[in-house]
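Reviewing the structure listed below.
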Amino acid sequence: MNSAFNIFTPASDISLCNLLIKISSQEISYLITDDKNTCVALVIYHFAANTSYDKVANNLKEIVASQPLLQKPFKKVNFIYGFPEAILVPHKFISPTSNAALLELTFGDTSDSIVKSDFISSQNIHTVYRVPKQIDSMIAHLFAQADHRHLYTLLPDMVVASGNLLYCIFSPSHITIQLFKAGKLQIIQNFQYKIAADVSYHLLNVCQRFEVSVNDTVLYLNGMIDNPSGLYKELFTYFAHLHMADLPQNFIYNEEIKKFPSHYFSHLFQLASCV
């Protein structure tokens, strides 16, 4: 477990603050904002590839135990699941009795996870997803009053698209994408990658599957990608319209955050705006 960022600003009363924790097999990030939308804490941990779910659960336990700030009472706690075993299901096809079967058909059978679902009212669709049992149990133990949603549930409301837009969140070994075609949501999916060519392959393949021209598509970049970098140059080979995301204007940021490229943290603050 590597600590990528640890940024703190003193807060007068944590009981007035909101805590957002994003958890996946590659990362645990948390963001604390106060009642004036000032960023109190921004912390990101990255994990090695193929980290087990048992280890992710233990990492969460260790992070909370080592950081007294997380043990204080918050006004609200939100967990955002970033696990890739998730699908979007139109409302007319949703059925609690068939959710597990849909996931098994897509990702295979597993008995070590809990099936959950969220409703995306703006799209009239549901996110149906799995959460590993050991992680669900750890979260319930550490944050009994937390609200829970999947990343896919919040992504459609994090961006306004009138044309073709490919919204991307990069972690060191995974990329989460959502595609809008003529302003309409088409797909949200997570891909694993090792080299830059893997990323361009996945993005081009998604565009081809949904008959979207790369020349008319804005590639909206969030997370761990640098300009210039080999990955950025690879994407620029195929996509003419690359945009590094900005930080939302409805938050107050300290000088330490401003030292880093805005797109490193843009998606976390966008998530905070949606919960």
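The values are calculated or read from the model by the stated rules, or taken from the named source; none is laboratory data. Quantities reported herein were computed from a predicted structural model and do not represent experimental measurements. Every residue, glycine as well, gets a Cβ built from its backbone with ideal geometry; the counts of neighbours run over all protein chains shown. Each accessible area value is taken on the protein alone, full model and side chains, heavy atoms only, with ligands, DNA and RNA left out. Shrake-Rupley method; radii C 1.70, N 1.55, O 1.52, S 1.80 Å.
Would you work out the charge dipole size for segment 7-99 about its Cα centre, treating the Cβ of every Lys and Arg as +1 and the Cβ of every Asp and Glu as -1, and quote it to the nearest 20 debye?
180
For the chain, what does the helix formula give at 222 nm: sum of -39500 (n - 2.57) over DSSP H segments with n ≥ 4, over the residue count, nearest 500 deg cm²/dmol?
Working: 8 runs with 73 residues, N = 275.
Mean residue ellipticity, 222 nm, calculated: -7500 deg cm²/dmol.
If you take the beta carbon distance between residue 101 and residue 122 as r and set R0 to 22 Å, what does 1/(1 + (r/R0)^6) give as a FRET efficiency, to the nearest 0.05? It would help to have the intermediate numbers written out before the result.
Working: r = 26 Å, r/R0 = 1.20.
Once the sixth-power term is evaluated, E becomes 0.25.
So, taking all protein chains as they sit and a 1.4 Å probe, how much accessible area belongs to residue 130, in Å² rounded to tens?
Rounded to the nearest 10, that gives 10 Å².
Step through the table entries 22/133; 22/72; 76/181; 133/181, compare each Cα-Cα distance with 26 Å, and write down the pairs that go over it.
Listed pairs above 26 Å: 76/181; 133/181.
How big is the gap, in Å, between the Cα center of segment 185-249 and the Cα center of segment 157-181?
Cα centres, segment 185-249 to segment 157-181: 8 Å.
What does the charge add up to near residue 107, with Lys and Arg as +1, Asp and Glu as -1, over the other residues with Cβ less than 12 Å from its Cβ?
Numbers: positive: 130; negative: 85, 104, 109.
Computed value for this residue: -2.
Heavy-atom accessible area of residue 17 with all protein chains present, probe 1.4 Å, nearest 10 Å²?
0
Take the cross-link list 194/233; 233/259; 36/258; 92/184 and give me the ones stretching past 21 Å between alpha-carbons.
233/259
Could you point to the residue in 100, 82, 70 farthest towards the positive end of segment 68-119's charge dipole, with +1 and -1 charges on the Cβ of Lys/Arg and Asp/Glu respectively?
Of the candidates, 70 comes out farthest on the positive side.
In square angstrom, rounded to the nearest 10, how much accessible surface does residue 1 have for a 1.4 Å probe?
90
What ranking, highest mean first, results for peptides 91-97, 2-8 when packing means the other Cβ atoms within 10 Å averaged over each residue?
2-8, 91-97
May I ask you to evaluate 6.51 cos²θ - 1.76 cosθ + 1.60, the Karplus curve with θ = phi - 60°, for each residue of segment 100-115 and list the ³J(HN,Hα) values in order in whole Hz, giving x for glycine and proline?
Karplus-based 3J(HN,Hα) across segment 100-115 equals 4, 5, 4, 5, 5, 5, 7, 10, x, 8, 8, 9, 9, 9, 10, 8 Hz.
Can you match volume of the Cα convex hull per residue in Å³ to one of these, (1) 173; (2) 148; (3) 131, based on a calculation from the structure here?
Correct label, based on the coordinates given: (3).
Using only the heavy atoms of the protein chains and a 1.4 Å probe, how would 218, 206 rank by accessible area, largest first?
Values: 218 55, 206 0 Å².
These residues rank, largest area first, as 218, 206.
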